[in-house]
Amino acid sequence: MLLPFGVFYVVFLLGPLVYTAVAGFFNGSLVKGGLGDWVGTANYAQALGSDEFWSSLGHTLWFTVLTTVPLILVALALALMTDRFSRGKWFFRLAFFAPFMLPSSVISLLFMWIYADEIGLAQGVAKALGADAPPSWLGDPDWAMISIAAATVWWTVGFNFVIYLAALQEIPREVHEAAAIDGAGPWQRLRLVVVPMLGRATTLVAVLQLVASLKVFDQIYMMTGGGPDDATRPSLLYVYQTGFTDGRAGYASTVALLLFVIILLISLVWFALIRHTEKEA
C-alpha cells in the first residue's frame, strides 16, 4: 500500500534533494552536460559571502513577517464571524475560499491592474482618502513588498479560514453553554475557551503558513520580477535567476540547499514555540 507513495517520494522529492546536495560541490552549468568540475565547498563559501544571497533572504523573511501573522489573525476573525451565523455559512465559505482557488497568474494580473499607477483602483482609493500623491505601489521599493503581501493575504486567507471554521464546528456547544452558565461573557469565552481549544488548528495553520511564505515565488516573479532595484527579490527568485538566467546550476543548487536548511530550521523552531505556547495555554 505504501509502494506508490514511496516511489513518488523517492523519484520526485528525495532524489532531487540528493542530486541538489551533490551538485552543490560542482561548478555545473546549463550550457554543458554533467555535473561539471569538482569545486568542493567553494560554492558554499561564495553564497555565504554574497550580499545578494543575504539580501534575498532578508526579503523572504520580511515577506514572511508581513503575511504570516495577518493570515492567522484574519482567518481566525473571519471563521469566528462565520461560525456565529446559523444559516448561510455556505455563502461565507464560498466567498472567502473562492480566491484561493484562482491560479497565481490570475491573481498577479488582477492586482497589477489594481496597483497600476494613475488608473489603478488602489490609486483612486488613496486619493479619495485624501492622499495628494499616492505611492507607486509596485514601483516604489518601500511599498512594493507590502503591496504584494496585501495581495497574498487576500488571495490565500481562505485556506486558513476553512481550517479554523472546521475546528470551531468541532467544539461542542455544551462547552459554550457551560461557560455561559458559569458567568463567562463573550470575550471571556473567546479568550479562555475557544482560543485554547483551537490550539491544534493554530499550530497547523501557523506551520503551513510559515513554510508557504518562506517559499514565495510566483506572485513576486509575475508582479515585479524582483524589482524595483531588487527590493522584492526573494530567495527562490534568486535561485531561479542564478540557475536559469545566469546558467550557474552548481551555485544555484548550493543556494537552494542552503534555503532548504534555513526553512527547515525556522519551521522546527516555530513549531516548537507554537507547541510550547499551546501546552501553557
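From the list PHE100, PHE111, PHE96, the one residue that fits, being of a type outside the set (Ser, Thr, Tyr), crowded, with 17+ Cβ neighbours inside 10 Å and either out of contact with any Leu (no Cβ under 9 Å at 6 or more places or on another chain) or at pLDDT 95 or above (or both), is PHE111.
Any residue that is of a type in the set (Gly, Ala, Ser) and either under 19 Å from GLY225 (Cβ atoms) or touching a Gly at 6+ places or on another chain (Cβ under 7 Å) (or both) - is there at least one of those in the stretch 155-176?
Step one: of the stretch 155-176, the residues of a type in the set (Gly, Ala, Ser) are 158, 166-167.
Right, trim to either under 19 Å from GLY225 (Cβ atoms) or touching a Gly at 6+ places or on another chain (Cβ under 7 Å) (or both) and you get none.
For the stretch 155-176, residues of a type in the set (Gly, Ala, Ser) and either under 19 Å from GLY225 (Cβ atoms) or touching a Gly at 6+ places or on another chain (Cβ under 7 Å) (or both): absent.
Name the residues in the stretch 18-55 that are farther than 17 Å from ARG248 by Cα and surrounded by 12 or more Cβ atoms within 10 Å (Cβ to Cβ), would you? Hits for the stretch 18-55 are TRP54, SER55. Return yes when PHE63 is under 24 Å from ILE220 (Cβ atoms) and crowded, with 18+ Cβ neighbours inside 10 Å and no when it is not. Answer is yes for this residue.
The values are calculated or read from the model by the stated rules, or taken from the named source; none is laboratory data. A quick note: this is a predicted structure, and the numbers were derived from the prediction, not measured. We place every Cβ from the backbone using ideal geometry, glycine too, and count neighbours over all the protein chains shown.
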